Amino acid sequence: MAIDWRPSAEITTLRERAHLLANVRAFFAQRDVMEVETPVLGQGGGTDVHLVSLVTQARTDKGQRRLWLQTSPEFHMKRLLAAGSGPIYQLARSFRDGEVGSRHNIEFTMLEWYRPGFALGELIDETTNLVMTLLPSFAGPVVHYRYRELFHTYLAVDPFTTSLEKLRTLASERGQMPAGTLANEGRDTCLDLLMSMVIEPQLGQNELSVVLEYPASQAALARRHQDVDGEWVASRFELYLNGIELANGYHELTDAAEQRARFNEDNAERRRLGLPEVDIDEHLLAALEHGMPEGAGVALGIDRLIQLALGKARLEDVLAFATPNC
């Protein structure tokens, strides 16, 4: 059987990709944001139950160590912030096992940047400015939505108060799953399914859609605050175009004790679900204890944005070598 050694993307496409990445670098150079490079291997991984990290064993001067391929450069970049780097960005190789499809690849490029002193609104403005810089033909408006508002509009339920049983039933029905499939799943899993199956395809149609005020349980590494209804919500946003999630931004959590508690909660949920636990990144927690400046940060799937900019059907069409052909 002949081996197909050829690139996944056409060479002309890779030239266009290089041009777009040069525009990204110019965008941040104009704003005096420093480009950095951090390791793809770390001593801790992403504990989020919805992420599947890749892990390897390595021989080091301290003996055999378990190291994690990073699901994003976040932990290392926050250590740089704590060391006084100021505003930074990175085009980072990132890895998430099992993520293969028209919008996913196990190995991908994440554009991530951090703005000490920025409020979340300022970061939203900068993120939408970058997207429109790379998509000069796009002139649609930027529209903000509350998470709760979207569930009322498209599903006629309240994500904060509707019973878990009703959410399980609704998610099963909308996902055309057999009854009882989600019997052991928690609230966030059901909400995530409904968001991805029903709401996301409606977002970013002739506009950039910004979604705010996710449930507090979905804060991950973001702060939490009370909304106008007195509900505790995550201080984060997600950005959508053409039904595709492009970016996820946080008003960053700087409290080391709170972050440790969240990591431990994630691993407890992993045990409940029969998933492998993930090593907690003690270096990140030590950096937070030292003191990380207040500010906001965002991760943007640059491969997806390039896919949209070039009008390609599949993510592999803008990658030199997609995972199946690497």
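The values are calculated or read from the model by the stated rules, or taken from the named source; none is laboratory data. Just so we're clear, the structure is a prediction, and the values are computed from it rather than from any experiment. Cβ atoms come from the backbone with ideal geometry, glycine included; neighbour counts cover every protein chain shown. We work out accessible area using only protein heavy atoms, side chains counted, and drop any ligands, DNA or RNA first. Shrake-Rupley method; radii C 1.70, N 1.55, O 1.52, S 1.80 Å.
The set of residues from the range 203-220 being in contact with a strand residue (DSSP E or B) (Cβ under 6 Å, 6 or more places away or on another chain), more than 30 Å from P136 (Cα to Cα) and open to solvent by 10 Å² or more (accessible area, probe 1.4 Å) comprises A216, Q218.
Can you tell me how many residues in the range 259-268 are in contact (Cβ under 8 Å) with a residue 12 or more places away in the chain and open to solvent by 60 Å² or more (accessible area, probe 1.4 Å)? Working first, answer last.
Here is the first cut: in the range 259-268, the residues in contact (Cβ under 8 Å) with a residue 12 or more places away in the chain are 259-260, 262-264, 266-267.
Cutting the leftovers down to open to solvent by 60 Å² or more (accessible area, probe 1.4 Å) gives us 260, 264.
The qualifying residues number 2.
Within the range 38-51, residues that are within 27 Å of R272 (Cα to Cα) sit with their Cβ atoms under 7 Å from residues that are crowded, with 16+ Cβ neighbours inside 10 Å and of a type in the set (K, R), at 6+ positions apart or across chains, in these pairs: V49/R270; L51/R96. Considering each residue of the range 128-166, count those that are more than 13 Å from Y214 (Cα to Cα), hydroxyl-bearing (S, T, Y) and part of a helix (DSSP H, G or I), and give that number. Result for the range 128-166: 4.
When the residues of the range 176-195 are filtered to those that are hydrophobic (A, V, I, L, M, F, W, C) and assigned to a loop (DSSP other than H, G, I, E, B), the one that is most open to solvent (accessible area, probe 1.4 Å) is A179. Yes or no: the range 5-24 includes at least one residue that is among the charged types (D, E, K, R) and crowded, with 18+ Cβ neighbours inside 10 Å. Yes: one or more hits.
Only one of the listed residues (E200, E238) is open to solvent by less than 30 Å² (accessible area, probe 1.4 Å) and among the acidic types (D, E). That residue is E238.
Exactly one residue out of L80, L111 is modelled with pLDDT of 95 or more and either in contact with a helix residue (DSSP H, G or I) (Cβ under 6 Å, 6 or more places away or on another chain) or over 19 Å from G297 (Cα atoms) (or both): that is L111. Among the residues of the range 196-219, those that are in a helix (DSSP H, G or I) and either free of Cβ contacts under 8 Å to residues at least 40 places away in the same chain or aromatic (F, W, Y) (or both) comprise S196, M197, A216, S217, Q218. Inspection of the range 87-103 identifies at least one residue that is open to solvent by less than 60 Å² (accessible area, probe 1.4 Å) and more than 24 Å from L315 (Cβ to Cβ). Screening the range 32-57 for residues that are of a type outside the set (S, T, N, Q) and under 13 Å from R93 (Cβ atoms) and picking the one that is surrounded by the fewest Cβ atoms within 10 Å (Cβ to Cβ) gives E37. Suppose we filter the range 82-118 for residues that are in a loop (DSSP other than H, G, I, E, B) and either under 16 Å from E207 (Cβ atoms) or of a type in the set (D, E, K, R) (or both); how many remain? Within the range 82-118, residues that are in a loop (DSSP other than H, G, I, E, B) and either under 16 Å from E207 (Cβ atoms) or of a type in the set (D, E, K, R) (or both) number 4.
Which is among the aliphatic types (A, V, I, L, M), over 15 Å from Y147 (Cβ atoms) and modelled with pLDDT of 95 or more, of L212, L208?
Working: L212 fails: over 15 Å from Y147 (Cβ atoms).
Matching residue, one of L212, L208: L208.
Here the range 21-67 is the region considered, the condition is being assigned to a strand (DSSP E or B) and of a type in the set (S, T, Y), and the residue that is nearest to F108 (Cα to Cα) is T56. Tell me whether the range 56-63 contains one or more residues that are over 27 Å from the mean Cα position of the chain (by Cα), on the phi > 0 side of the Ramachandran plot and free of Cβ contacts under 8 Å to residues at least 40 places away in the same chain. Looking through the range 56-63, at least one residue is over 27 Å from the mean Cα position of the chain (by Cα), on the phi > 0 side of the Ramachandran plot and free of Cβ contacts under 8 Å to residues at least 40 places away in the same chain. Of the residues screened, A313 is one that is part of a loop (DSSP other than H, G, I, E, B), over 16 Å from G249 (Cα atoms), touching a residue at least 60 places away in the same chain (Cβ under 8 Å) and open to solvent by 70 Å² or more (accessible area, probe 1.4 Å).
Restricting attention to the range 119-127, does a residue exist that is in a loop (DSSP other than H, G, I, E, B), farther than 30 Å from A18 by Cβ and without any contact (Cβ under 8 Å) to a residue 24 or more places away in the chain? No: the range 119-127 contains no residue that is in a loop (DSSP other than H, G, I, E, B), farther than 30 Å from A18 by Cβ and without any contact (Cβ under 8 Å) to a residue 24 or more places away in the chain.
Yes or no, residue by residue, for (1) under 30 Å from L182 (Cα atoms); (2) among the β-branched types (V, I, T); (3) outside any loop (DSSP other than H, G, I, E, B); (4) open to solvent by less than 40 Å² (accessible area, probe 1.4 Å):
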site: A247; (1), (2), (3), (4): yes, no, yes, yes
site: H251; (1), (2), (3), (4): no, no, yes, no
site: A257; (1), (2), (3), (4): no, no, yes, no
site: R271; (1), (2), (3), (4): yes, no, yes, no
site: V278; (1), (2), (3), (4): yes, yes, no, yes
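The set of residues from the range 178-191 being under 17 Å from the mean Cα position of the chain (by Cα) and either of a type in the set (S, T, N, Q) or under 13 Å from L150 (Cα atoms) (or both) comprises T189, L191.
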